[in-house]
Amino acid sequence: MGERNVGLYGRFATARPALEMVAEAFGTSAAEALRRCPGRPAKPNREENQTLRLDPDVVEAYRRLGRGWQTRINEVARANMPRRERRSPW
């Protein structure tokens, strides 16, 4: 490692956190906005991630239909779901 690189790595070792520098340069509200990092807004009708075990031939039949095969399985499940909830005997 050359002497020029040692100085660069030494500066990294003593560098301040970026949020501190943003707060100093742009104010604490800007640093808070970066810290929160809201990400993608939630969809109104979010799908639930669920593991569902299907026979391999069923999965293969839907995959052969091409893109959107999982959506088609969901449509079939929706079309065949019970129309009203059964009351629990408990």
Convex hull of Cα atoms in segment 9-64, direction-averaged projection (nm²): 9.3
Shape category assigned to segment 33-78 from the gyration tensor of Cα positions, a/c cut at 1.5: prolate
ASN49-ALA15 pseudo-label distance in nm [points 7 Å out on the Cα-to-Cβ vector]: 3.1
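Read-outs: derived from the displayed coordinates by stated rules, not from any lab. The model shown is predicted, which means the values in this text are computed figures rather than measured ones. Methodologically, a virtual Cβ is constructed for each residue, glycine included, from the backbone with ideal geometry; neighbour enumeration extends over all protein chains shown.
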